[in-house]
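Everything on this sheet refers to the single structure shown next.
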Amino acid sequence: MVTYYKIGDMFCASAHGDLPYEKTEKPAAGTTLTWLFTGEPGSRRASFLVNHPAELFAECEDVSWLNTNRLNASAYDGQTRELPADLLAQLDAGTLRAVNASHPKFEEILAYKPKEGKKRVHVLAIGDVGSMLLTGLHLLGGDVISSIGICDISDKVTARWEFEENQIAYPWDYDAMPEVDVVDQDHLFDCDVFVFVASKGIPPVGSGVKDVRMYQFENNSKIIGHYAKMAREKNFKGLFCAVSDPVDPLAKTAFLESNKNEAGEYDWMGLLPEQIQGFGLGVMNARAAYYAKRDPRFKQFLTEGRSFGPHGQDLVIADSIENYNDELSKELTNLTVTANLHMRAIGYKPFVAPAFSSGAISILMTLRKQWHCGSVFLGGVYMGVKNRYTEQGLETEALALPDALYERIVFAAENLAKIV
């Protein structure tokens, strides 16, 4: 049974007939509807683009939403048949938005409209990764970025990069690239996109540390937690990008810390789960492609492959979705995961490719509303998947995943849940 609601100037539909909002008759044909669901704010996205009927009635959100085989098996056939034709038409057209009516910011979320036009981007920490990421955004982002603010604990560092970046220009087209300026801590969240690239430090080459990402977690989690709380205080409405390692647990840390009140209690009045994205999967996907180009056994990855999971251990590379080979996929995954060790063995820190593939390129694809690789909130963890932002909210790709591949994804999600 579907109940209709009129909230402000918006018409909504829901399977819940007891929501504390004005009920209304079935709206006229062609009326845009928003689907309302209820769920614990800490375990569900606040809003998202619906791409399968089962998502409308699911009692929980998890990585099964990436697998159409699982979604089909859990579909609520009777309830789906009762859905109004207009709502099903929106779902088929890819324009149906779902919003969590249990979220304390519900009415604000429901009324939210994405900002049009170019975005103001702020980058925190201009070290090795930050400087490369900044350069990528500056060189490639003129179509979607209005300007870039940079912030660092060192005034000399920001002075250097403001000076350097603004001397990169096309002759006679001096406004083709976004201007770079220095921004202070007090105005760090006066932007549309905040990029966190701060890090306590990376172990030097030869230190013997094998899992550098988890080595960084203890210190970096404190730093990102501080800025997540600052974002809450500033009522930040933009995109919060976690680029520092380990990307996935840091994204979750930002979500949790921003949603605590002064007493340390969760009130879910901070950043929305889909407002945060981790950017680390892009380089893992690019590294898999690197090896696929050089070994014909993996060539199918270039046209049929996918990457899932964290930027590090438990990464899942699939050589193909339709013709999945578990042995080859695990071999390619291992090459991808250990690629950074190969670079360190040469004698260098592996930061250039991550800064561009995970950072600049992935963030620009996000702003262009293109499919990209990134870690998004799925049932309490930030999981690396193919996703995009649309006018109706965040969309995650759902595919018919082979059982062996899906088991690897579930294992990765379970391990991510244990970290934070």
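The values are calculated or read from the model by the stated rules, or taken from the named source; none is laboratory data. The structure presented is a predicted model; accordingly, all values stated were derived computationally and were not measured. Because the Cβ atoms are built from the backbone with ideal geometry, glycine has one as well, and the counts that use them run over all protein chains shown. Ligands, DNA and RNA are excluded from the accessible area calculation, which covers all protein heavy atoms including side chains. Shrake-Rupley method; radii C 1.70, N 1.55, O 1.52, S 1.80 Å.
Observations, loosely collected:
- Contact order, relative form, for the stretch 1-140: 25 percent (alpha carbon pairs under 8 Å, 6 or more residues apart, mean separation divided by residue count).
- Note on TYR170 and GLU116: with the Förster distance fixed at 41 Å, the Cβ-Cβ geometry gives a FRET efficiency of about 0.95.
- Shape call, the stretch 102-194: gyration tensor on alpha carbons, a/c limit 1.5: oblate
- Surface calculation, 1.4 Å probe, protein heavy atoms: HIS187 sits at approximately 90 Å² accessible.
- Across the stretch 274-318, Cα pairs under 8 Å and at least six residues apart give a relative contact order of 35 percent.
- Charge dipole magnitude, Cβ of K and R +1, D and E -1 - the chain, Cα centre, debye nearest 20: 740 debye
- When the charge dipole of the chain is built from unit charges on Cβ atoms (+1 for Lys and Arg, -1 for Asp and Glu) and taken about the Cα centre, the candidate among LEU33, ALA400, ALA355 whose Cα reaches farthest toward its positive end is ALA355.
- Candidates LEU239, LEU271, GLN300 compared by Cα position along the dipole of the stretch 218-335: farthest toward the positive end lies LEU239, with charges placed on Cβ.
- Heavy-atom accessible area per residue - the stretch 218-258, 1.4 Å, Å²: 33 Å²
- Solvent-accessible surface ranking, highest first, for TYR348, TYR266 at 1.4 angstrom: TYR348, TYR266
- Per-residue SASA entry for ASP143, accessible area with 1.4 Å probe, Å² rounded to 10: 90 Å²
- Summing charges over all other residues whose Cβ lies under 12 Å from the Cβ of VAL180, with Lys and Arg as +1 and Asp and Glu as -1, gives -3.
- Screening the chain for DSSP H helices whose Cα atoms reach 24 Å or more along their own axis and whose mean Kyte hydropathy is at least 0.0 gives 403-419.
- Heavy-atom accessible area, probed at 1.4 angstrom with all protein chains present, ranks ASP326, ASP128 as ASP128, ASP326, highest first.
- Accessible area in the full protein assembly, largest first, 1.4 Å probe, for TYR382, TYR291: TYR291, TYR382
- For ASP181, the residues whose amide H sits under 5 Å from its own are ILE148, GLY149, ILE150, ignoring neighbours fewer than 5 places away on the same chain, with H placed 1.01 Å from N.
- Mean Cβ count within 10 Å, highest first, over the residues of peptides 19-26, 89-96: 89-96, 19-26
- Pairs from the list LYS118/LYS369; LYS234/LYS260; LYS252/LYS330; LYS200/LYS237; LYS105/LYS369; LYS113/LYS237 with a Cα-Cα gap above 18 Å: LYS252/LYS330; LYS200/LYS237; LYS105/LYS369.
- With DNA, RNA and ligands ignored, accessible area of TRP161 (1.4 Å probe; Å², nearest 10): 30 Å²
- Structural descriptor for the chain: relative contact order 17 percent, calculated from alpha carbon pairs under 8 angstrom and at least 6 residues apart.
- Surface share of carbon and sulfur [accessible, 1.4 angstrom probe, percent] for the chain: 52 percent
- Counting DSSP beta bridges with both ends in the chain, the antiparallel % (nearest 5): 45 percent
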